[in-house]
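Down below is the structure, laid out as structure tokens.
The values are calculated or read from the model by the stated rules, or taken from the named source; none is laboratory data. It should be emphasised that the depicted structure is a prediction, and the values quoted were computed from it without experimental measurement. Every residue, glycine as well, gets a Cβ built from its backbone with ideal geometry; the counts of neighbours run over all protein chains shown.
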Amino acid sequence: MTQPAPPKDDEPRPDVPAEPPPDDPRPAVSEEADADDFNEDALGQTATVINNFFAAVDARKSAFGIAGEATTRSLSGRLDRKEVEHALRHFVRPSGFAGATAILRERHLVVLVGNEGIGKRTSGTALLGEVDAFADRIVVFPPDRDLDDLLSTSFKENRVYLIHDWIEGRTATSVRRFALEALSARLAHARAHLVITLTRAQAHPELKAFEIGWEPPDPLSLLEAHLGADRLPSGETGGLEHVAEIHSPRQIVELAEQLLNGTRSLQEILADLGGDTVTRWFDREPKRSEVLAVAALAFAYGMPERVFERLLVRLTSIADKVERQGVESERRAIAEDLPRSRRLWNDGHPLISVSAEGGEPRLVFRGLRHREQVITRLYLDYGYRVLEPLRRWIRELAKDLPDVQVQAAAGLALLARTRPEEVRESFLEPWAGGSAQERLTAASTLSMMCADDTTAVIAFDTALGWVENAGQLQAMTAALAFAGGLSMRYPAETINWLWYLSLRGVRVSNVARRALALMVRAAAERDDAATVGLRLLARHLDRDLREGVRPQTARRALQAVLGVLESDRLEHEEPLMARLLLSQPAGTEAIGTLWAWTLHNAYHRAGAVRALCRTLRHLQNHDGAVAAAETLGKVVWSTLPEAAAVLVKRAITHACADAPVRQEPPLARDIVLTLLNAGPRQNHR
């Protein structure tokens, strides 16, 4: 399905914007009628889930039970030299590195083709560092850039570009060869270079001029690069032989970090990485009840014992129904004996443990990686009799308690690492068009998938498939997903798509604009991420309203912006804009532009004035408040036309003269006056 491209960032027109008429009719369907389409508390919980999930996650101390440290690095945007040097500090060249360098130098374009998780992104970064034109930063394009988009891109001279895990589409090989030739010529003309990484088993022989099959670096060399030759384990030759069989650079890095920590031997670490404990347990052919217990824990991890028992009974009941399909049901008397079911996990189980942290007993796996390894073995060893009950049961979890929904999403995110189509077809697609709870669980699953570089691309591609021509409910689910983990991985792209969705029909727009506000609120807690998002948002609004759109579309656009301007910080009753004006002054121009447009519009002016006055009042107790108000005022008054500025200043003066404001200390009035009198009037640009 072809997706409409989000608006491009063009230069704004110099003309004065046309204001939608004040008597523009309201949307035919009121927003209150669609309250069930957007659960503010649920979406807020999704943001909390993402924040927790992207922190260092330890199975022994977390409700997620997903091993390792999930990274929050963006998969699009820019990498500066410091980030590049950090990524390459222990880089080991794979066998095809020299050949790829030659292609890149000659063609200005090379495509690295290979399995997931073999270090293609790091290799692509290193290749760009080999070309003569290597600059101080790498521009990273999102994976959904198709060949037509790339051919229409204006590449900057002597710049280097990267696309990781490219979504290649279904273009015929002959057409792709022609397009790659044209792209190569454009790059050469600009003296720019582009590396594309592609997850595919093999490179196409017809495209050997550009594509090259990729392999992971030598495991022992990579381990030595991390540890140093003098710190390689000695006297453990057998262990090093096992290291040589590891094809995942990520596992080698993890192995090195644990060896440097010095708490466990090489053999113990390898046993954990290789899943020896889980393998031995499955190889002994456990009973049906035992398999169902570990399967339930894989998707209902960390639940209180009483909740887990309820869920396990339900899974067993579904499994019984699947077993009896096609067989006449028989009435059975209730057995007098009571099986001691808790002995399944309370009697020294090799995989399951009961954690008493937090007071109430909760079921967890013993090993950091047991959850993912169990999920892999379930889908590797068992068929319909186990997997069909599991599918039906997991679908039901989407309508259970919020904590259960989160754990189901986390389990599916792990399953997506090896079975992405199973996750998409069996769960995500049905949920995306289902109930509000199911849509939230689908969005949570996509967010959880963003913890892994490879599944993040799958999550992004899945959300794009719901944006257009897939249905209204699917578009709403995509908006929810963009507000979560996708906003961390693809910040610019999620702003683009949420803006696009906020201009859709009332129900989709309602969810998208609230998701947009939540995304900015979450970004404000991460360095300058909010500043980047606000700048892009200001460009969209400035361009769309200057070009002229329908009054109803303009209203929806301004509703989305006003929702951002009047938001509070996450978990703080403090205006978000007050926080950003003080902590991220580089974003003041974008904030001022957004406020100028909402103040200019007669329909939204009252709400914009209220949000502005509240923001100014919260500035008063902070150093730099007067300077922040002055800078903001300069942007607002230089953006508004003279006639509108007079009306806006009058509205602000009246609003700030209300009783609640008169009770504020004098500094609050000083801040308001500073804003109103900020800077000399400048010609409207």
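Computed values, structure above
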quantity	calculated
Some residue of segment 86-102 being out of contact with any helix residue (DSSP H, G or I) (no Cβ under 7 Å at 6 or more places or on another chain), of a type in the set (A, V, I, L, M), closer than 12 Å to ILE196 by Cα and in a helix (DSSP H, G or I)	no
Only one of GLU360, GLU396, GLU425 that is at pLDDT below 95 and more than 17 Å from ALA293 (Cβ to Cβ)	GLU360
Candidates ARG417, ARG371, ARG385, ARG391, filtered to the one that is buried (at least 24 other Cβ atoms within 10 Å of the Cβ) and among the charged types (D, E, K, R)	ARG371
One residue from ALA606, ALA628, ALA643 being on the phi < 0 side of the Ramachandran plot, in the same structural domain as GLY563 (by TED's automatic domain parsing), of a type in the set (Gly, Ala, Ser) and buried (at least 19 other Cβ atoms within 10 Å of the Cβ)	ALA628
Condition check for LEU88: in contact with a Ser or Thr (Cβ under 8 Å, 6 or more places away or on another chain), farther than 21 Å from GLU211 by Cβ and of a type in the set (A, V, I, L, M, F, W, C)	yes
ARG539 being touching a strand residue (DSSP E or B) at 6+ places or on another chain (Cβ under 9 Å) and in a helix (DSSP H, G or I)	no
Qualifying residue in segment 549-557 (condition: of a type outside the set (A, V, I, L, M, F, W, C), farther than 20 Å from ARG526 by Cα and outside any helix (DSSP H, G or I))	yes
All helices (runs of 4 or more DSSP H) inside segment 114-226 with 2 or more residues being within 21 Å of HIS247 (Cα to Cα)	120-130
Residue match in segment 133-153 (condition: of a type in the set (A, V, I, L, M) and over 20 Å from ALA188 (Cα atoms))	no
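Yes/no matrix, rows are residues, columns are (1) within 27 Å of the chain's Cα centre (by Cα); (2) crowded, with 18+ Cβ neighbours inside 10 Å; (3) not assigned by TED's automatic domain parsing to the domain that holds LEU128:
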position: ASP149; (1), (2), (3): yes, no, no
position: ASP165; (1), (2), (3): yes, yes, no
position: LEU183; (1), (2), (3): no, yes, no
position: LEU194; (1), (2), (3): yes, yes, no
position: SER221; (1), (2), (3): no, no, yes
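Per-residue answers, yes or no, for (1) part of a helix (DSSP H, G or I); (2) free of Cβ contacts under 8 Å to residues at least 40 places away in the same chain; (3) over 21 Å from ASP283 (Cβ atoms):
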| position | (1), (2), (3) |
| --- | --- |
| ILE375 | yes, no, no |
| VAL386 | yes, no, no |
| LEU412 | yes, no, yes |
| ARG417 | no, no, yes |
